[in-house]
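What follows is a single structure, written as structure tokens, with notes after it.
The values are calculated or read from the model by the stated rules, or taken from the named source; none is laboratory data. All values reported here derive from a predicted model rather than from experimental measurement. Cβ placement follows ideal geometry from the backbone for every residue including glycine, while neighbour counts extend to all protein chains displayed.
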Amino acid sequence: MKPINILKLGLSDYASTWDLQKKLFDLRLNGKIEDTLVLCEHPHTYTVGKNGVDNVGKHLLMNKEELKKNNISVFEIDRGGDITYHGPGQIVGYPILNLNNYYRDMHRYLRDIEETIIQTLADFGITGKRVDTATGVWVDTPRGAEKICAIGVKVTRWITMHGFALNVNSNLDFFNNIVPCGITDKGVTSMEKTAGTQVELSRVEDNIITSFEDVFHVTSQIVKKEHVIKLETFHE
């Protein structure tokens, strides 16, 4: 069983969390830390992956004035995928893993992240599934298949960055301002909407950790940020 550190950041702004990911990536690449899973929420944010940069004008349906009025940040980032939303009530996970110690297989890695979320949802009585043509986790609804978890990753020298965004108690209205992941024929849902009641975020985080341990065959420990990152290389 390989060790993995778990960082629970709570509500964390996107820019500083992205900087943290980069520092964790460098430390993992140089063998200075163990594999690490960052769990957090973000303030209202739209992120645009490499596949969506050319279409941002079509898939982001708000102008700069509307974004500013609603206090929504936008970042063009280096993960795969198109545009997606992050916000309060959504659990975002950033695994920083050295896949050389698991398998050198991007397809399998994505499927394992999906499996982690599918197992987590099952613990709350929600049946998650895969859709062959689109990465992520979906649930069947009267309106058709709707995405409950978006996944977008980056892998460099087999070290991973970025990850998944699970809609727990998310305000789904914010998805109306984008074409989520560039997909026009399927909707978006949340655990709250599917279950008909709010779900405790801390419980979902705990279940994500348990499922991650099971799928990736790791043993985890909850650590503080300053214990993971060398203080001489990272300053608040």
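Rundown of residues vs (1) among the hydrophobic types (A, V, I, L, M, F, W, C); (2) crowded, with 23+ Cβ neighbours inside 10 Å, yes/no style:
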| position | (1), (2) |
| --- | --- |
| 153 | yes, no |
| 164 | yes, yes |
| 167 | no, yes |
| 170 | no, yes |
| 174 | yes, no |
| 186 | no, no |
| 195 | yes, no |
| 201 | yes, no |
| 212 | yes, yes |
I need the full set of residues from region 99-118 which are surrounded by 17 or more Cβ atoms within 10 Å (Cβ to Cβ) and more than 15 Å from residue 136 (Cβ to Cβ), in order please.
99, 102
Residue list for region 112-152, filter: closer than 20 Å to residue 217 by Cβ and not β-branched (Val, Ile, Thr)
112, 114, 115, 119, 122, 123
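Matching residues to (1) in contact with a His (Cβ under 9 Å, 6 or more places away or on another chain); (2) without any contact (Cβ under 8 Å) to a residue 40 or more places away in the chain; (3) not basic (Lys, Arg):
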{"residue": "45", "(1), (2), (3)": "yes, no, yes"}
{"residue": "61", "(1), (2), (3)": "no, no, yes"}
{"residue": "73", "(1), (2), (3)": "yes, no, yes"}
{"residue": "84", "(1), (2), (3)": "no, no, yes"}
{"residue": "92", "(1), (2), (3)": "yes, no, yes"}
{"residue": "98", "(1), (2), (3)": "no, no, yes"}
{"residue": "101", "(1), (2), (3)": "no, no, yes"}
{"residue": "108", "(1), (2), (3)": "no, yes, no"}
Restricting attention to region 56-106, the residues that are assigned to a loop (DSSP other than H, G, I, E, B), β-branched (Val, Ile, Thr) and within 18 Å of residue 170 (Cα to Cα) number exactly 1
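For region 1-36, name all the residues that are in a strand (DSSP E or B) and farther than 20 Å from residue 101 by Cα. Lay out the reasoning, then the answer.
Kept after step one, since they are in a strand (DSSP E or B), are these residues of region 1-36: 2-11, 35-36.
Listed by number, the residues that qualify are 7, 8, 9, 10, 11.
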When you look at residue 219, is it within 17 Å of the chain's Cα centre (by Cα) and surrounded by fewer than 17 Cβ atoms within 10 Å (Cβ to Cβ), yes or no?
no
Give just the number: which of (1) touching a residue at least 40 places away in the same chain (Cβ under 8 Å); (2) closer than 28 Å to residue 72 by Cβ; (3) part of a strand (DSSP E or B) does residue 155 not satisfy?
(2)
Condition check for residue 93: within 18 Å of the chain's Cα centre (by Cα) and within 27 Å of residue 222 (Cα to Cα)
yes
Given (1) under 30 Å from residue 214 (Cα atoms); (2) modelled with pLDDT under 95; (3) part of a strand (DSSP E or B), where does residue 39 come up short, assuming only one miss?
(2)
Search result, residues across region 133-155 that are closer than 12 Å to residue 84 by Cβ and charged (D, E, K, R):
147
Being of a type in the set (Lys, Arg) and surrounded by 17 or more Cβ atoms within 10 Å (Cβ to Cβ) is the filter here; which residues of region 131-151 pass it?
147
Filter region 196-233 down to the residues that are assigned to a helix (DSSP H, G or I), hydrophobic (A, V, I, L, M, F, W, C) and modelled with pLDDT of 95 or more and list them by number.
201, 204, 208, 209, 212, 215, 216
Just give me the residues in region 126-166 being more than 30 Å from residue 100 (Cα to Cα) and out of contact with any Phe, Trp or Tyr (no Cβ under 7 Å at 6 or more places or on another chain), in sequence order.
126, 127, 139, 140, 141, 142, 143, 144
